[in-house]
Amino acid sequence: MFTSKQILTFAYESEYETAYDLSQKKNFTAPKIYTAKGDLSKRWYVYFSFRNPKTGKLKRVTPFYGDVNKYKTKEERMEALTIYRKTLIKLLKLGYNPFQDNTELYNKLNSKKETSETNTKSINNTKAGEKKTELIEANGMPIKEAFEFSLNIKRQLLSKTTTRGYQNRVDSFLKWLDENAPGLKNVNQLNKKVVSAFLNDTLQRTSARNRNNYRTDLSSLMQVLEDNDIIEVNFIKKIPVLKSTPERNKTYSLEIQEAIFKHLQVNDPILLLYIKFISYNFLRPIEVCRLKVKNIDIANRTIQFKAKNSPLKTKIIPEILWNDLPDLSTLDKEAMLFTPDKIGAEWDTDINNKRNYFSKRFKKVVKDHFNLGADYGLYSFRHTYITKLYRALVKESSPFEAKSKLMLITGHTTMTALEKYLRDIDAELPEDYSEMLKTAHE
């Protein structure tokens, strides 16, 4: 199946002409140009809506950027976007549908292009167009454009936070290429040796774990290119993953945990309640940051939240946490549950900024006060209380029964995942084996 970008790029380079009859437009809106109010630091693009065959409603499709944002003046960007818009109108008139396979349309355009190239190639193509076509045919799509294509696909499938991570790693890789391999321009010029050199440099500057994360993300993006026939093979899959020691947060001792809670009760009640959602409901810090007042079901004493590996999860709110909640019935349902100054208020900033804010606040109010090391953090409370709960459960039942009950509470989706987690945090410890040692000694 040919992608939207392949179809559009091809049509842009062809000479196919056709009229655009607005009266026949039934399933899509007229393509429009977005200029970010003239701000050249932001992305400009062409956008339109198309009727979703499943819902019957018009749905905004992925905007088309092309390479317009490489231009540094408003005039150049408008000239390129005008061409893109005109080409998109032609495609929609010809029957282009972003919800269907457009192979037949591609073949039709390809046939037209071959005829045009045979008869009038030297007349109809500009020198710039010929140069671009030759480069694409010889070496493939420009590197930056290829990664932007993959990122656009990822944006449709993943959260903003995840795609932002992809974007940051791509930016770092492209910067490295500009500094260390400026002669590489097209994606087919990339190879295992080049990417391995980048990963080795990342390893030297940071860590094996960070190097492996770059390898994973770049490989995922290259796989999109392979799946869409933009490259022949994703060679990054052949680059090995290095052994790395994962970072882990230690569990708190009972004395330290109780001291922290007493300290926060006097000095920072908002941070204390934030930590109790991590401790008693076993949420991750970023999951707590996403909570809005409407996510708390007062009638049923449940909480809904976006978890790490699922769109939406529901948990009960245990009484130990419920008793600490303020009256939420009078608050704006759309308000964020946690903000810097109060419970249930507006806080318009990126989710990562919210998580980082509470991490820095925890360091200032708790870690510095108790002189805690780098291996203690907000995540440590989740480890601490899961350990407490598991050890309490295993006293009254077999390990399997205890883990089965624990899965319902923590939200782990498989027994294997839970058992690995318990091993990682040293929650599962053996009984005293002194008698066996004595017997062995005798």
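Overview of values
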quantity: FRET efficiency for N267 and K37, using Cβ-Cβ distance with R0 set to 60 Å, rounded to 0.05; calculated: 0.85
quantity: Cα centroid separation - region 360-424 against region 173-198, whole Å; calculated: 42 Å
quantity: For region 302-365: Kirkwood Rh in Å [reciprocal of mean 1/r, alpha carbons]; calculated: 13.8 Å
quantity: Theoretical FRET efficiency, 1/(1+(r/R0)^6), r = Cβ-Cβ of R423 and L242, R0 22 Å, to 0.05; calculated: 0.50
quantity: Fully extended contour minus Cα-Cα distance, from K363 to K86, at 0.36 nm per residue; calculated: 94.2 nm
quantity: Sites matching GluC sites (Glu not before Pro) across region 184-248 that sit in DSSP coil, with at most 14 neighbouring C-beta atoms within 10 Å; calculated: E232, E247
quantity: Trypsin sites (Lys or Arg not before Pro) within region 202-272, DSSP loop, no more than 11 other Cβ atoms inside 10 Å; calculated: K243
quantity: Per-residue SASA entry for T216, accessible area with 1.4 Å probe, Å² rounded to 10; calculated: 70 Å²
quantity: For region 335-429, average projected area of the Cα convex hull in nm²; calculated: 8.2 nm²
quantity: Rh by Kirkwood over Cα pairs, then Stokes-Einstein D for region 236-379 at 0.890 mPa s and 25 °C, µm²/s; calculated: 147 µm²/s
quantity: Net length gained if the chain between T349 and L408 were fully extended (0.36 nm per residue, minus Cα distance); calculated: 18.0 nm
quantity: Estimated vicinal HN-Hα couplings, Hz - region 341-353 in sequence order (Karplus 6.51, -1.76, 1.60; Gly, Pro = x); calculated: 10, 7, 8, x, 8, 7, 8, 8, 7, 4, 4, 5, 5
quantity: In order through region 286-303: 3J(HN,Hα) via Karplus (6.51 cos²θ - 1.76 cosθ + 1.60), integer Hz, x for Gly, Pro; calculated: 5, 5, 5, 5, 7, 5, 10, 4, 5, 6, 9, 8, 5, 5, 9, 6, 10, 9
quantity: Spin-label pair R209/E226, simplified geometry with 7 Å Cα→Cβ offset, distance in nm; calculated: 2.8 nm
quantity: Reciprocal mean inverse distance between Cα atoms of region 204-257 - Kirkwood radius, Å; calculated: 13.8 Å
quantity: Qualifying trypsin sites (Lys or Arg not before Pro) in region 276-385, DSSP loop, other Cβ atoms within 10 Å at most 15; calculated: R301, K306, K308, K333, K342
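The values are calculated or read from the model by the stated rules, or taken from the named source; none is laboratory data. A quick note: this is a predicted structure, and the numbers were derived from the prediction, not measured. Positions of Cβ are generated from backbone atoms using ideal geometry, with glycine treated the same way; all protein chains shown enter the neighbour counts. We work out accessible area using only protein heavy atoms, side chains counted, and drop any ligands, DNA or RNA first. Shrake-Rupley method; radii C 1.70, N 1.55, O 1.52, S 1.80 Å.
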